[in-house]
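Written out below as structure tokens is the structure these notes cover.
What follows draws every value from the coordinates through simple rules; no lab data is involved. Source: prediction; values computed, not measured. Note: ideal-geometry Cβ built from the backbone for every residue, glycine included; neighbour counts use all protein chains shown.
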Ligand code: SAH
């Protein structure tokens, strides 16, 4: 079967076979990629029109107990200047963000043991009380089911936890042996069962990743049916074991975004900061490949340059409102615009 026909299968709501996906991902041409992007873009427009949802990202701590081999804020990176925001600082970010029109706040951080369940519950329920019309998204890493339940009961709506790889063997190449693929996948199932709009995902082009892995990612998304999928290119960080590894390909990242959109028409799909860092204009290319979410940074400027998962991260210099203006201009330049809306998942689960 021709690559175009494989793309069309997905566009018609059918699931290509593993072999077909492997063929597509290992042989696609620039024309194939553009074809997939045009269908994915049309698919995205059916649900979202030309509107892009913005999420205010609050990177509340770069302390982390884990030692993921790819990540710049891994515990073992002694160069990293550590910081954590206190409750007031987090609430300041929300206040500022609300005024700018954000209706989703995303709290993301390293796995920082300083924050207990009680502290997170306190922060989440305060945000819930102050901003009843906003969605609260958490990205706090792996926690117990009980902890996730408490956070949900406190008013959190969504949770992002990339599984990083659908292959246990590849997962083990990216993480120390103290981390477990099984546990991570269990977390995802727990989150979804509890009722969170749940986001899984992976880096594209992380060391050791094969096209077979990527094909399996797509098949997993179809099966798990998450409300969100987070995917961006792997980018090396100079103070990690992967410092000399090659960055993931932008073209492959775009193809993965488009295929994800075709397979999951309603999924909330961010065009990531990593994509914008890998290539100037990368985030626009993500939108044109079928993504429908952008997550600008609301973290205080003085801390922002310390939340470095990879080198050369984009968007460190502008304050939150400048950044929003720039993003709006970029979106307008390709015929899109951002909206003031919670932007909940609109599919069936
Ligand atoms: N501690 C939280 C948040 C992690 S940071 C958690 O475990 O979910 C969010 C995502 O950034 C990670 O899931 C990972 O996929 C991505 N990331 C980390 N290092 C990266 C790198 N070097 N290049 C690209 N993406 C990276």
Worksheet item: What is the fewest-to-most order of 95, 328, 182 by other Cβ atoms lying within 10 Å of their Cβ?
Response: 182, 95, 328
Discussion item. Cut-off is 10 Å between beta-carbons; in what order do 287, 6 appear when sorted fewest neighbours first?
Written reply: 6, 287
Worksheet item: If you take the Cα atoms of the range 90-199, find Rg, then find the Kirkwood Rh from the mean of 1/r over all pairs, what is Rg/Rh?
Response: 1.01
Response to the item:
For the pair residue 47 and residue 86, the simple spin-label estimate (label points 7 Å beyond Cα toward Cβ) gives in nm 4.1
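What is the calculated FRET efficiency for residue 122 to residue 249, with r their C-beta to C-beta distance and R₀ = 41 Å, to the nearest 0.05?
Working: r = 43 Å, r/R0 = 1.04.
Calculated value: 0.45.
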Fill in: Rg in Å to one decimal, and Dmax rounded to a whole Å, for the chain via C-alpha atoms
18.8, 57
Worksheet, complete the sentence: Eigenvalues of the alpha-carbon gyration tensor of the range 222-345, times 5 and square-rooted, give semi-axes in Å, largest first, of 23, 20, 13
Discussion item. Between 0 and 90 degrees, rounded to the nearest ten: what's the tilt of helix 320-333 against the longest Cα principal axis of the chain?
Written reply: 20
Item to complete: Let me have the relative contact order for the chain, percent, based on Cα pairs under 8 Å that are six or more residues apart.
Response: 25
Worksheet item: Given springs between every Cα pair under 10 Å in a Gaussian network model of the chain, which of 28, 242, 114 has the largest fluctuation?
Response: 114
Worksheet entry | Acute angle (nearest 10 degrees) that the helix 18-27 long axis makes with the longest principal axis of the chain, alpha-carbon atoms | 90
Worksheet item: Once fully extended, how much extra length lies between residue 133 and residue 321, figured as 0.36 nm per residue of separation less the alpha-carbon to alpha-carbon distance?
Response: 65.6 nm
Worksheet entry | the chain: most fluctuating residue of 290, 49, 282 per GNM, C-alpha cutoff 10 Å | 49
Discussion item. Neighbour counts of other C-beta atoms within 10 Å: give me 257, 263 arranged from fewest to most.
Written reply: 263, 257
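Taking every DSSP beta bridge that has both residues in the chain, what percent is antiparallel when rounded to the nearest 5?
Around 5 percent antiparallel, to the nearest 5.
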Worksheet item: In whole angstrom, how far apart do the alpha carbon centroids of the range 297-349 and the range 196-226 sit?
Response: 23
Worksheet item: What 222 nm value per residue comes from the helices of the chain, counting each DSSP H run with n ≥ 4 as -39,500 (n - 2.57) and dividing by all residues, nearest 500 deg cm²/dmol?
Response: -13500 deg cm²/dmol
Item to complete: Could I get the Rg over Rh figure for the range 163-232? Both from C-alpha atoms, Rh via Kirkwood, rounded to two places.
Response: 0.95
Item to complete: Name the residue, out of 30, 89, 142, whose mean-square fluctuation peaks in a Gaussian network model built on the chain with Cα pairs under 10 Å.
Response: 30
Worksheet item: How big is the gap, in Å, between the Cα center of the range 20-96 and the Cα center of the range 144-190?
Response: 16
Discussion item. Just to confirm the number: angle between the C-alpha axis of helix 250-263 and the first principal axis of the chain, 0 to 90 degrees, nearest 10?
Written reply: 80
Fill in: Extension reserve of the residue 222-residue 239 stretch, reckoned as 0.36 nm per residue once the Cα distance is removed
2.6 nm
